[in-house]
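Readers should treat all values here as calculations from the given coordinates under stated rules, not as data from a laboratory. What you see is a predicted model, and the numbers here were worked out from it, not measured in a lab. In this analysis, Cβ positions are derived from the backbone assuming ideal geometry, glycine residues included, and neighbour counts consider all displayed protein chains.
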Amino acid sequence: MRILLDVSDMTIDHLDHVEINLQPIGRRISIPIGITILEASQIAGIELSTICGGTGTCGGCKIRLLEGEISPINPTELELFSGDEIESGFRLACQAKILSSVRIEIPPESLTTSQRLQIEGREIELSFDPVVIRVDISLTAPDLHDLRADYSRIKEYLQSIGYSNINIRFPTLREISTQLRAHHWEATLAIKGNEIIAILPKGNEIYGIAVDVGTTKLAAYLVDLSNGNTVSKRGAMNPQISYGEDVISRIGYVNNHEDGTKILQSRLVDTLNDLISQLVQEADISNHQIVEAVIVGNTAMHHLFAGLPVHQLGTAPYVPVISDALEIPVFNIGLDINRGATIYLPPNVAGYVGADHVAMLLAAKAAEHRQDAHTIVSLDIGTNTEISLYHWGRHLSCSCASGPAFEGAHIREGMRAAPGAIERVRLNEKQVQIKTIGNIPPVGICGSGILDTVSELLTHHVIDARGVFIGEHPKLHRINGKYEFILASAEESGHGRNVVVTRHDVNEIQLAKGAIRAGVEVLLDEAGITDSDIDEFIIAGAFGTYLDLESAIRIGMFPDLPRNRFQQIGNAAGLGAKALLISKGMRTKADQIVEEVEYIELTTQPGFTDAYMEALAFN
Ligand code: FES
């Protein structure tokens, strides 16, 4: 149900305005002070669940206040929320009035539509040499003539079928006696190296979980460890968004809160446990059957998951606590899987080139000599864009500060890829054609939409190489002395206001694409080659999947290569995590990559500033 807000007779211009920042959608707008959060969401075009029509009885519009001031909690809300929820900042959007600029978290269940999550990627062929194997055992029961200990019985059986020098993890040792007696001395063991890590009822399959922990989104895959097949997959928003949209602001949160690391870690682990419970339910298995986990993320996500300090990642020279691969016993983290399981975190390259990039390189085979490609550029675009260049055995990488514009931040009508976001834009002399996610009336623009818009404005000479509005177009208007290009009028939009692109928005895209292109050029320069030497240009990640390649080339973000040299491969970090789950060889390769890669710190590269200045223009 949607409650219609009549703002027609509000003298909005005469009211004080404040900003509401709606997370995790990433929508920020100016709204009159004193209206409810529900009304503000409607102005922003974000639909909350309002089954009771705003009377405060259904609880559907539950939100969480992250920052700012709202009206005191009222009796209706007091009745609905527990003490813990109230302490955590939960409120009803239909009841709480906005008294200052606020930052609000909208839980997924309060939204009528869900965000787009990127969990697919190009499938790759992997050799299957699993890290954990399954062995079925059938033992004889003890009697007065056979007083061997339960564990000795297992060891001797294993020895008889070719497994020697076997040890057992202590949490598993605690379970064997009960399990063996409950299942008539038969069982399935999960063995890693020379260690028994889990004991299960005989015949149970064993599984692993691979997770890509992105700064914004999480993608989790449940994998059958007997054949390497993915049996279910799920995505979710990273709950840490509520504490900072990007890596730097999350590090800032930790720096400013004594228990910041703990809070961010536990929010992430709680969400991962939710994902795990959905995955096992879908596959109809038990959590205990998950005996290994692989987590990949950028270096900050890696540290926050492991509970490592991040202060030094936010301060020059931005070094990680550890760059080697880590194996953490699951009880140190609290993931809801078998107690004997280990969590493997692949190695990091540097403070801003993390294990997710390594996983992506593995999945894309972008860091190895191939018959068809000797020079490979691969990148994953985000607030920080990680770029690698592999050239005849030499491997260079860097990270560039491309900023959050492609996530919709710093863009007037920007938002993340959620229903109602304009994702495709085409222009002709008179008109604009748009496509929104979910094919519903537009309420904002996501990264691929703003990229398309700038490309089309250039093609139709509405802006020049500097990004300045110069041309004429029926949709270009001058409002209060500033140009605004209207993508959707108030009548067409989902929130009753024009959806526009401004000079400032164009400028934000210039800065982002300039940083990315300059990063690529610096690596090519370091290797002594040019654009035309690139055999393959790999674009990974969610934004990389949905961006229009022609638009990206038109604005100069990518070099103008033959189109068959480009590959948009989806969530390759997630696929790399899967590869690391089912292949010992991949783990060895990950170590090799990190050992061989030459990390280039762009800020100390003499050619970077020139390359950046040159890449800013739309040539
Ligand atoms: S709309 Fe039902 S409680 Fe707010």
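In terms of Cα to Cα distance under 20 Å, which lysines are near enough to K155, apart from those fewer than 8 places away along the same chain?
Reachable lysines: K192, K202.
Label 7 Å along Cα→Cβ of D525; the stretch 575-619 residues with amide nitrogen under 20 Å?
598-619
Roughly how many whole Å is it from the C-alpha centroid of the stretch 443-487 to that of the stretch 501-517?
Here the answer is 12 Å between Cα centres.
What length, rounded to one decimal in nm, is gained on full extension from A617 through to I479, with 0.36 nm per residue of separation minus their alpha-carbon distance? Before the final figure, lay out each step's value.
Values: separation 138, 0.36 × 138 = 49.68 nm, distance 2.54 nm.
Net length gain for the segment: 47.1 nm.
Whole angstrom only: what separates the Cα centroid of the stretch 589-619 from the Cα centroid of the stretch 203-256?
28 Å
Which helices count as membrane-span-like in the chain under these terms: full DSSP H, at least 24 Å along the axis by C-alpha, Kyte-Doolittle mean of 0.0 or more?
Within the chain the helices that satisfy the rule are 260-283.
Once the piece of chain linking R181 and E492 is laid out straight, how much longer is it, given 0.36 nm per residue of separation minus the C-alpha distance between them? Working shown, then result.
Values: separation 311, 0.36 × 311 = 111.96 nm, distance 6.87 nm.
Fully extending the segment from R181 to E492 adds 105.1 nm.
Of C446, C58, how do they rank once you tally other Cβ atoms within 10 Å and put the fewest first?
C58, C446
Quick one: divide the alpha-carbon radius of gyration of the stretch 480-607 by 2.2 N^0.38 Å and tell me what you get.
Ratio of Rg to 2.2 N^0.38 Å for the stretch 480-607: 1.42.
Could you put E258, E598 in order, starting from the residue whose Cβ has the fewest other Cβ atoms within 10 Å?
E258, E598
Only helical DSSP H runs with n ≥ 4 go in: add -39500 (n - 2.57) per run for the chain, normalise by residue count and round the 222 nm mean residue ellipticity to 500 deg cm²/dmol.
-8500 deg cm²/dmol
Taking neighbour counts of Cβ atoms within 10 Å as a proxy for exposure, in what order, fewest first, do V349, V18 appear?
On the way: V349 25, V18 19.
So the ranking, lowest neighbour count to highest, is V18, V349.
Under the classification rounded if a/c is under 1.5, otherwise prolate if a/b is larger than b/c and oblate if not, where does the stretch 47-166 fall, given a ≥ b ≥ c as square roots of the Cα gyration tensor eigenvalues?
Details: a/c = 4.33, a/b = 2.47, b/c = 1.75.
Prolate, since a/c reaches 1.5 and a/b exceeds b/c.
For a test of the definition: using alpha carbon positions, the gyration tensor, and the 1.5 limit on a/c, classify the chain as rounded, prolate or oblate.
Taking the square roots of the gyration eigenvalues as a ≥ b ≥ c, the chain is oblate.
Ranked highest first by average number of other Cβ atoms within 10 Å, how do 304-313, 233-242, 434-443, 369-378 line up? Spell out each step's value before the answer.
Numbers: 304-313: 20.0, 233-242: 21.8, 434-443: 18.4, 369-378: 16.8.
Going from most to least packed, we get 233-242, 304-313, 434-443, 369-378.
For the peptides 125-135, 534-544, 476-486, 492-502, what is the packing order when you average, over each peptide's residues, the other Cβ atoms within 10 Å and list the highest mean first?
Details: 125-135: 15.8, 534-544: 24.5, 476-486: 14.0, 492-502: 20.6.
With the highest mean Cβ count within 10 Å placed first, the list reads 534-544, 492-502, 125-135, 476-486.
Could you grab the Rg to Rh ratio for the stretch 307-367? Cα atoms only, Kirkwood for Rh.
1.05
List the residues whose amide H sits under 5 Å from the amide H of A198, counting only those 5 or more places along or on another chain, with H placed 1.01 Å from N in the peptide plane.
The list, which skips near neighbours in sequence, is A190.
At 0.36 nm per residue, minus the direct Cα-Cα distance, what do N227 and I553 gain on full extension? Give it in nm, one decimal, please. Mind dumping the intermediate values first?
Numbers: separation 326, 0.36 × 326 = 117.36 nm, distance 4.05 nm.
Full extension of this stretch gives 113.3 nm more.
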